[in-house]
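Bear in mind these aren't lab numbers, they're just calculated from the coordinates by the rules spelled out. Given the structure is predicted, the values throughout are model-derived calculations rather than measurements. Virtual Cβ from ideal backbone geometry, glycine too; neighbours counted across all protein chains shown.
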Amino acid sequence: MKAAPQTGPWWVPLPPFSEGFVVPVPLSQAATIATYVLKQRLKGNKYYPLVLMLEPLFRCNLECAGCGKIQYPDHVLKRRLTPEQCFKAVEECGAPMVSLPGGEPLIHPEIRQIVEGLIARKKYIYLCTNALLLNRKLDLFKPSKYLTLSVHLDGLSDEHDFAVNRDGTFDTAVEAIQEALRRGFRVTTNTTLFEGAEPERVRAFFDFLTKTGVEGMMLSPGYSYSHAPDQEHFLGRRRTTELFTRILGNPKRAWQFNQSPLFLEFLMGLREYECTPWGMPTCNIFGWQKPCYLLQDGYASTFKELIKETDWENYGHHTGNPRCANCMVHSGYEATAVNDTFGALGGFLRTVKLTIFGELGEGYRQRPVPVPVLNGGHADCNANCSSGKIADDTHTCGCGNGASGCCATTKTEPAPAGK
Ligand code: SF4
């Protein structure tokens, strides 16, 4: 399955107060983002973009089951944005960070020109790649504080190769990561977690990535792409928070995430946020996609038009829009977490505390809680069940919601070992 095109750190600039504390992004980047957000807030601008998701093409050299892009017909897959179209979109949008997902951007014949042009414009770029071509294409680029190679890895070897439908992909990506680090590039990883992910395996995966020396890891629950061939493995909201609680409930100190810790708490169900999809607008060969990276309710021809003409009040979990009901993806909610960091003293102090002391999920550690056991299958059952009842082993909670039995059992278990 395809990785979520993660988009870079929402991380807050803080000095290293404690021994062993590592700043996961250059301070200049953190300062640029903080200054930008504060300026927007002072101007009273609600609909400001933080990261432009710029898809220069949809074609890819993998065919992941969870991907919503590669199913386009060949005449669409042949199309791509020119460097000039990319620069126009970036200037129009004004976001300080640009994510280059796809498709596989390294296939684009003018990717070097695109990256160089964005660096010249002082944009912090996240070049998202499955890394199959990375080793061969590294010579196209020069290490820069503005350029981060964001490598798609959905787990350790078995899990990742299964997710992308090709053996050996994990090893190739890890070799490319090591070579890129050796040459002085900034490297992060992006991971999408789907139904069936095993928390202990994911934690071992984080240990592995930490040892490789990557700058940070980025996470997202799987996208519910309507075009994706595999529709069974997208996570519902409740199962998302269960899974992320079990993975992140007791994080190890060495783990570095290039994401807002408030967003990670949101994934664990420890805070409630509304979607702000304009924070990460998507531009591709069709135009500016309404309203977000996942849904395609038409296209605008300019960024201004996107902001002006999209009925934003129809989107987000709180609206009751069924297509948003189970969504917790970073492209909708991470900008909200950043806004919380800079818009409210409580959010800022919480971010500071989490960043310095790494106390993500402290409430979970202090008090072992009933943890639903993920049995797999019937992903929608828990999400749709309004009774609040949890099924037993026989899958008979009696909630009568019409789904074919419930799929979660509970047991009280201690938090996973951390530190
Ligand atoms: S909730 Fe998800 S699907 Fe709905 S608008 Fe936000 S990002 Fe898009």
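Output the peptides 163-174, 145-156 sorted from most to least packed, where packing is the average of other Cβ atoms within 10 Å over each peptide's residues. It would help to have the intermediate numbers written out before the result.
Details: 163-174: 18.5, 145-156: 23.4.
Peptide ranking by packing, descending: 145-156, 163-174.
In this label model, Q85 and R323 are separated by 2.2 nm, measuring between points 7 Å along each Cα→Cβ vector.
With a simple spin-label model that places each label point 7 Å from the Cα along the Cα-to-Cβ direction, the separation between F286 and E272 comes to 3.3 nm. Positive-end ranking of L134, A89, V151 along the dipole of region 74-162, with charges on Cβ about the Cα centre, is headed by A89.
Remark: for residue pairs K88/K290; K137/K252; K39/K122, the C-alpha separation exceeds 23 Å in K137/K252. Fewest neighbouring Cβ atoms within 10 Å first, the residues R203, R112 line up as R112, R203. With one equal scatterer per alpha carbon and no solvent term, the Debye-computed log10 I(q)/I(0) for region 16-357 at 0.06, 0.12, 0.14 1/Å reads -0.19, -0.85, -1.24.
Length gain on complete extension for the stretch F162 to T302, per 0.36 nm per residue less the alpha carbon to alpha carbon distance?
On the way: separation 140, 0.36 × 140 = 50.40 nm, distance 3.88 nm.
Full-extension gain reported as 46.5 nm.
Residues whose amide H lies under 5 Å from that of S99, counting only those 5 or more places away or on a different chain, are L52, M53, L54, Y126; hydrogens are built 1.01 Å from N in the peptide plane.
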